[in-house]
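Some notes on the structure that comes next.
The values are calculated or read from the model by the stated rules, or taken from the named source; none is laboratory data. All of these numbers come straight from a predicted model, not from anything done at the bench. Positions of Cβ are backbone-derived with ideal geometry, glycine not excepted, and every protein chain shown enters the neighbour counts. Side chains are part of the model used for accessible areas, which takes the heavy atoms of the whole protein and leaves out ligands, DNA and RNA. Shrake-Rupley method; radii C 1.70, N 1.55, O 1.52, S 1.80 Å.
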Amino acid sequence: MTPVILLAADQKSAEVTDWAARIGWLVGLALFVALIYWLMREGWKWRGTLQGDLPELPDAPDDLGAARLTMSGRYHGSTTAGQWLDRIVAHGLGTRSRVELTLTDAGLDVVRPGATDFFIPVGALREAVLGKGIAGKVLTEGGLLLVTWEHGDRLIDSGFRSDHAAEHNEWVDAINSMIKKTDKTETEGAR
């Protein structure tokens with residue numbers, strides 16, 4: 001029995017953890033994640049620089065008039081009209097946030113807590129439709145209120161989702177009827 005005890009005493013257990021290698025991998029992974037984050041941030045800033053020709057967003061007039069419709073929900077961003085993946089980030093239009101929308105005879109007031117508020121005059125409104133997606137957000141068909149408006153020389157789609165999605169149809173009808181009234185008034189005034 002003596003040889004067995006001697007053989008067992010000569011054996012050494014393998015090291016369970018190589019701490020230096022593990023720490024090296026963790027530091028490398030953290031640096032890789034930081035690099036990816038930095039590249040995404042630089043891309044966002046570069047996109048804002050490229051869209052620097054976009055004029056400042058209009059502020060709401062002092063007297064908006066009576067509210068036709070109000071809605072609370074989420075603002076999901078703005079894109080170039082018809083190109084649902086071309087996000088506009090200039091002037092804070094790319095920042096998602098909570099939103100309080102108010103539709104009046106003067107236009108659409110977009111109040112975003114924690115982000116830049118803006119106002120879309122009724123003359124700048126072009127169309128309202130129900131959609132299913134905008135850059136970074138895809139929903140079921142009709143789950144997103146898309147408002148097309150003109151700002152400077154660009155057409156912009158802005159995506160909103162109400163806390164109560166059943167309101168979307170009412171908003172589409174109200175905005176499109178305002179646009180038709182404005183177009184009809186401008187056409188009659190040109191004669």
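Couple of notes before you dig in:
- FRET efficiency for E127 and D63, using Cβ-Cβ distance with R0 set to 25 Å, rounded to 0.05: 0.45
- Length gained on full extension, A174 to E56, computed as 0.36 nm times the residue gap minus the Cα-Cα distance: 39.8 nm.
- Accessible area per residue in Å² at 1.4 Å probe, computed on the chain: 63
- Max mean-square fluctuation residue, GNM over the chain, Cα-Cα springs under 10 Å, options D62, D163, D53: D62
- Label zone at T116 (point 7 Å along Cα-to-Cβ), backbone N below 19 Å, region 153-173: 153-160
- Springs join every pair of Cα atoms under 10 Å in this Gaussian network model of the chain, and among L69, L85, L39 the largest mean-square fluctuation is at L39.
- The phi torsions of region 59-75, fed into the Karplus equation with coefficients 6.51, -1.76 and 1.60 and a -60° offset, translate into couplings of 8, 5, x, 4, 10, 6, x, 6, 6, 7, 9, 10, 8, 10, x, 10, 9 Hz, rounded to whole numbers, with Gly and Pro shown as x.
- Against the chain, whose longest principal axis comes from its Cα atoms, helix 168-190 is set at around 40 degrees.
- Averaging the sequence gap over all C-alpha pairs within less than 8 Å and six or more residues apart, then dividing by the number of residues, gives the chain a relative contact order of 18 percent.
- Here the accessible area is traced with a 1.4 Å probe on the protein chains. For the chain, carbon and sulfur cover 59 percent of it.
- GNM on the chain, alpha-carbon springs under 10 angstrom: the most fluctuating residue among V27, V99, V138 is V27.
- Taking label points 7 Å from Cα along the Cα-to-Cβ direction, E42 and A166 give a separation of 5.1 nm.
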